[in-house]
Structures are given as C-alpha cells and as structure tokens.
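Undergrad: Take this structure first; my questions come after.
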Amino acid sequence: MIKVSIITVVYNNKSTLMDAINSVTNQDYENIEYIVIDGASKDGTLDLIKEAKGITKWISEPDKGLYDAMNKGLQMASGDIVGILNSDDVYTSNTVISDVVKEVIRTRCDVIYADINYVERDDVTHVVRSWESGDFYPKYFQDGYVPAHPTVFLSQDLSKKFQFDLTYKLAADYDFLLRLFHTPNLKLNYLSQKIINMRLGGVTSKNWKNIVKGNLEIARSWMKNQKKLPLLTLLVKRPRIKLKQYV
C-alpha cells in the first residue's frame, strides 16, 4: 500500500491549525504519515500539536521562515509520495488522498497536481474564487500559468532532491515549481479536481509592495533557471491569468 506523507508547517497559528489537522486525520486513506513542523510557537499552538491525535511526527524549533520549515518536512518525510498542507488550509473532502493515490497508481507519475478553491478565512465552505491549474505544456509558465502549489504531490526521490531556495522570501514556491516541472523526463499528471480550500490572506496578497517584490523574485528565478527574463509574462500574461480567477 502506497505511503503518503503530508507536511503541515505552522507558527503561532492555533486559530486554524486544528482545521488542517482534522482535514488530514479525517481522510479515508489509511497509510498516511502526518508531519507537523512548528517554528517554536508561543501562542498555544504547540499545546494543540501535543494533544492532537493522528500526527506521526512533529518538531518545534526556531527556523528561518516558512520555506526553511517546509524543507525540514521534506527531509523528514518517508512516504512514497509527499504533499504539503498549509496550516490555514483544508482538503475539500475526506477522499482527497485516496483520489490522489488512485491517480498516481493509474498513471505511474512522479508528480501530480490539481485545482484549488480560495475561501473566506472565517468560512472555508464559502468559495470566493477558484483556480484550475490545467494541463502542463512546454510554455505553461511562460504563458503566465502556475500550478496550485498546495495541490502538488511528488515522489519521495524528488522530495529529497528538491528544496525551497531560501534566498527567495516571497516566491520560493514559484521557483520550486519552475525547477520541478522542468525536470527532464518528468512524468506529470494533472488531476482536474479541486482538492484544497485555501483561506485568503497570504503574505504576497497583503500589499502592492509585496506583489512587486514577488514578481521581481520570479524574474530572478527565470534568469537563474531558464536563462531569460519573461517581461511579457510578468507585465501582461500573469496579470491576465490572475484576473481570470475572478471571472
């Protein structure tokens, strides 16, 4: 039976953490390794982790931020496939992991990704907008698309090979996916199904300065990994794709 590792990273977020934990522990798939990485929280989050049932491994220690904590989780994971569930987010149903595993078995893929709902912070059943990742093709990123990062599951081999680059403060997830999805001979599979309800209010959405900084980091990632600067993507295509989420 395929073993699935789920990683949740948290810091001072006791208000929504239990929603994420319950979302994992209520899955109908049996062979789940659930890893929680806490950044030495001081608001009672650690008490919730200690009391929660269904957590396989957890650590609580200072880190260098969200992406450093995710890297720790990737290194700790022992599952055949590995995914990340943010402490603000929940799975859309208790069959999500079963559905993912079935697709991995059917397609024998290295990476599987799906669609996502953006929901109200106080009501995860209220969908504000959705994002359909779509099938990957050679100019996917260049055309302004990006897979919904929380929906990505990757093989154990890739989870050890790929780490988040901590030099990116806002776009480390984009850089991670840009490198991952351009791996030679990668077997990708798109699951046309909304599997995550993500609460609105992420770091890059808080103000225009962060949006600009995030785009500058994306440009740097392109220059580093793809050896070119996609000005048309950053100035026209990505904003157009983002706008489509609201239509």
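Undergrad: For the chain, give the share of DSSP beta bridges that are antiparallel, in percent and rounded to the nearest 5; count only bridges with both residues there.
TA: The answer is about 35 percent antiparallel.
Undergrad: Determine the gain in length on full extension of the stretch Met223-Ala40; use 0.36 nm per residue of separation and subtract their C-alpha separation, reporting nm with one decimal.
TA: Full extension of this stretch gives 62.4 nm more.
Undergrad: May I pose another question? Round to the nearest 0.05 the FRET efficiency obtained for Asp28 and His126 when R0 = 22 Å and r is the Cβ-Cβ distance.
TA: Efficiency, rounded to the nearest 0.05: 0.35.
Undergrad: Another question about this same structure. State whether region 152-219 is rounded, prolate or oblate according to the following rule on the C-alpha gyration tensor (a ≥ b ≥ c being the square roots of its eigenvalues): a/c under 1.5 gives rounded; otherwise a/b larger than b/c gives prolate, and the remaining case gives oblate.
TA: Oblate, because a/c is 1.5 or more while a/b does not exceed b/c.
Undergrad: Sticking with this structure for a sec: Note the direction-averaged projected area, equal to a quarter of the hull surface, for the Cα convex hull of region 4-244, in nm².
TA: 12.3
Undergrad: OK, next. With 20 Å as the limit, write out which pairs from Lys3/Lys53; Lys64/Lys194; Lys14/Lys42; Lys3/Lys102; Lys14/Lys53; Lys102/Lys187 have Cα-Cα distances beyond it, or answer none.
TA: Over 20 Å apart, Cα to Cα: Lys64/Lys194.
Undergrad: As I understand it, the value is the acute angle between the Cα axis of helix 208-225 and the longest principal axis of the Cα atoms of the chain; what does it come to in degrees, rounded to 10?
TA: In the chain, helix 208-225 runs at an angle near 80 degrees to the longest axis.
Undergrad: Oh, and also: Any idea what the dipole of the chain comes to, in debye rounded to 20, about its Cα centre with Lys/Arg Cβ at +1 and Asp/Glu Cβ at -1?
TA: Computed about the Cα centre, the dipole is about 1180 debye.
Undergrad: Which of the listed residues, Asn13, Ala69, Trp222, is farthest toward the dipole's positive end in region 4-244, when Lys, Arg count +1 and Asp, Glu count -1 at the beta-carbon?
TA: Trp222
Undergrad: Around Lys224, under 12 Å between beta carbons, what's the net of Lys plus Arg minus Asp minus Glu among the other residues?
TA: With Lys, Arg at +1 and Asp, Glu at -1, the neighbours total +1.
Undergrad: Additional query: State, to one decimal in nm, how far the label point of Met18 lies from the label point of Leu186, with both points 7 Å from Cα in the Cβ direction.
TA: 3.8
Where a number appears in this text, it was derived from the coordinates with a stated rule and is not lab data. Owing to the predicted nature of the structure, the values given are computational and were not obtained by experimental measurement. Neighbour counts are summed over all protein chains in view; Cβ atoms, including those assigned to glycine, are modelled from backbone coordinates with ideal geometry.
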